[in-house]
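Contents: one structure, followed by commentary.
The values are calculated or read from the model by the stated rules, or taken from the named source; none is laboratory data. As the structure is a computational prediction, the values presented were derived from the model and not from experiment. A quick note on method: Cβ atoms are made from the backbone with ideal geometry, for glycine too, and the neighbour counts reach across all protein chains shown. Surface accessibility is based on the protein's heavy atoms, side chains included, excluding ligands, DNA and RNA. Shrake-Rupley method; radii C 1.70, N 1.55, O 1.52, S 1.80 Å.
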Amino acid sequence: AALLRALPLAALLLLSPSRAVRQARRPNVVLILTDDQDVCLGGMTPLKKTNALIAQMGITFVNAYVPSALCCPSRASILTGKYPHNHHVVNNTLEGNCSSKLWQKIQEPYTFPALLKAMCGYQTFFAGKYLNEYGAEDAGGVGHVPPGWSFWYALEKNSKYYNYTLSVNGKARRHGENYSVDYLTDVLANMSLDFLEYKSNFEPFFMMIATPAPHSPWTPAPQYTKSFQNVSAPRNSNFNIHGKNKHWLIRQAKTPMSNSSIQFLDDAYRKRWQTLLSVDDLIEKLVKKLEVNGELDNTYIFYTSDNGFHTGQFSLPIDKRQLYEFDIKVPLLVRGPGIKPNQTNKMLVANIDLGPTILDIAGYDLNKTQMDGMSLLPLLRGDKNVTWRSDFLVEYQGEGYNGSDPTCPGLGPGVTHCFPDCVCEDSYNNTYACVRTLSASWDLQYCEFDDREVFVEVYNLTADPHQINNIAKTIDQEILEKMNYRLMMLQSCSGATCRTPGVFDPGYRFDPRLMFSNHGLRARRFSAQFL
C-alpha cells in the first residue's frame, strides 16, 4: 500500500482496468464479523444504516446459527468450514487449540482465505480480531501471519477498543487511547478504505473485517456515550427466572437476581448498543467507497457475528457459551450480485457455510475441500427446488479451573467465569452436544451433556420459543432414540457425512441396532476425542 501511495496519479490511472474487464472478473467478497452480537435480544436494532444498506438491499437469514457459542471455536468454524470436532479448537485458550502451533500447522493452510489466495487468484485483506490467542509468544507472537492473507492487520489477543497492539503484516504497531487515531472500530474502517483505494485493480478481492464491538469492555466512541440512555435489557419470559429442569450449571444461578446484577447487565446492554453505532458508521463508509469505486454491483457483502449473547436469561447475568437460542443464533445479512432486495430466508444455515459459499462464489470446486458446511449460493440466487439441511450440530467443551475460582473459592474446583455473587457461567462439565432441527414438522433442540448423569435437555420451540420447559421426560421415546442416534452420527461426521438427511427428512434411515455399536459408543463420549 505504501508503494502504491507513492505512485503518481498517472501511474495509478494506468493500473485501473476498463469497466468491461471489471465486470468480467469474479465477484469481490466482504465479510464483516462482529464479536458477541446477539440477534434474539435486539442486537441488530441499533444498526439502522446496516439494515438499509445490506438487509434491505439483499437477504436476511432468520435461522442462522453457530455450532459453538464461543469466540475462538466459532471463528475457527468460519475459517475452516468445519465443526469443532473436526478443527479441534474447543475454547479460547492455547491449550484448547486457539491459534496454537497445532492449529497453525494443521488447519490454517486449508482455510478458505488460503484457498482464495492460492487457488482463485484473490487479493485478501484482514483487519481486526482474529483468534483470541493470536499473538501469544508461545505460538509465534504477532510475527506470525497466517497463510492466505495479502494484507494483515490483526489484533493481538482479545477485543479491545484502546491500548492494543496490531500485527501489521507481522510487525507490531502499538495504539494508545487517543480517539481520533486509536479507536479500534474506526481504525479498522480507515484501513479498509485505504485498501479499497490502493489495492490492485487486476484481481478480485476478499476482505474480512472483524470488529471488537459489541464485546466487552464495551467502550463506545465519545460521540455515542449518551445514546440509548433509556434502553435496558429485554424483560422477556426467560429473563430473571429459575432454570428449572436444566443442567445444574443453569440451576445454580441465583433467582431473583440482585438489583446490582440487573443494573450491571442493563448497563452492559446499553453500552453494547453504543459500540455498535461505530460499526454502523463503518458499514456506511465501506458501502459508499465501493459505490464510488464502481465495485458495489460486483461485490457480495456478508454481515454476521461469531456468537450470540445473554443478559439475564435464566438468571445468568452476561456471557455466551450456553446451548440456548440467545447464545447460538446470530445475525446473517447478505447483499450482492443476483440477490434480490428485501428478502427473508428461513432455511437453517450455520457459520460453517460461509467458507464453502465464498469459495463457490470464487469458482472453486468444493469437492476438493474437506468442509462440513454447504454453499449458500443457491439460496442467495433464489434457485428453485433446493435440497437443504433440516438439522445441524452444536457442540461445546466446558472450561473450569482445577482449583477454585478466585472470585468464589467456596464453590470448589471445576467452575469458571464467576460473578461476585457466585453465579458461574461455565464449568468443566458444561460439555454438551445438540441436534438443532428445523423441518416442516418440527422446530426442536435435543441436547446431551457429557457428565455423570448424561443430562438431557429437549425443547419444542414451536410451543416454547424461549426454551423454558425441558420436555426430555415427556417427549415420545421413539423421537428421543432417533435424536440420540442422529447426535452420535453428527458428532463423528466429516465433510459430506455432515450433510446427510436429518431425522424428519424423507431420506432418513434409522437402525436402532447401530445405537449400541462400538462406533456409537465412541462417538457419544465426544469430549475425550476433541483434543
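Quick look at the values:
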| quantity | calculated |
| --- | --- |
| Segment 288-323, residues that are more than 19 Å from the chain's Cα centre (by Cα), open to solvent by less than 10 Å² (accessible area, probe 1.4 Å) and over 30 Å from Ile241 (Cβ atoms) | Leu290, Glu295, Thr299 |
| Elements of type strands (runs of 3 or more DSSP E) contained in segment 119-175, each with 2 or more residues being over 25 Å from Gly96 (Cβ atoms), touching a residue at least 24 places away in the same chain (Cβ under 8 Å) and open to solvent by less than 20 Å² (accessible area, probe 1.4 Å) | 123-129 |
| Segment 358-372, subset touching a residue at least 40 places away in the same chain (Cβ under 8 Å) and out of contact with any Lys or Arg (no Cβ under 8 Å at 6 or more places or on another chain), residue farthest from Arg486 (Cα to Cα) | Tyr364 |
| Hits in segment 292-327 - residues which are aliphatic (A, V, I, L, M) and closer than 16 Å to Ser427 by Cα | Leu316, Ile318, Leu323 |
| Filter result (open to solvent by 20 Å² or more (accessible area, probe 1.4 Å), touching a residue at least 60 places away in the same chain (Cβ under 8 Å) and either of a type in the set (Val, Ile, Thr) or assigned to a helix (DSSP H, G or I) (or both)) within segment 24-50 | Val39, Thr45, Lys48, Lys49 |
| Per-region count, segment 327-351, residues in a strand (DSSP E or B), basic (Lys, Arg) and either outside the structural domain of Val287 (by the TED database) or over 21 Å from Ser439 (Cβ atoms) (or both) | 1 |
| Residue, nearest to Thr311 (Cα to Cα), within segment 10-52, restricted to residues that are hydroxyl-bearing (Ser, Thr, Tyr) and at pLDDT 85 or above | Thr45 |
| Any hit, segment 178-194, residues being in contact with a helix residue (DSSP H, G or I) (Cβ under 6 Å, 6 or more places away or on another chain), without any contact (Cβ under 8 Å) to a residue 40 or more places away in the chain and surrounded by 21 or more Cβ atoms within 10 Å (Cβ to Cβ) | no |
| Condition check for Tyr110: closer than 13 Å to Thr80 by Cα and either over 19 Å from the mean Cα position of the chain (by Cα) or open to solvent by 40 Å² or more (accessible area, probe 1.4 Å) (or both) | yes |
| Options Leu265, Leu193: the member that is within 30 Å of Asp464 (Cβ to Cβ) and not in a loop (DSSP other than H, G, I, E, B) | Leu265 |
| Some residue of segment 64-87 being surrounded by fewer than 21 Cβ atoms within 10 Å (Cβ to Cβ) and in a loop (DSSP other than H, G, I, E, B) | no |
| Candidates Ala114, Ala118, Ala127, Ala172 - the one that is under 22 Å from Leu354 (Cβ atoms) and either touching a strand residue (DSSP E or B) at 6+ places or on another chain (Cβ under 7 Å) or modelled with pLDDT under 95 (or both) | Ala127 |
| Test result for Phe239, closer than 30 Å to Leu116 by Cβ, out of contact with any helix residue (DSSP H, G or I) (no Cβ under 9 Å at 6 or more places or on another chain) and surrounded by fewer than 23 Cβ atoms within 10 Å (Cβ to Cβ) | no |
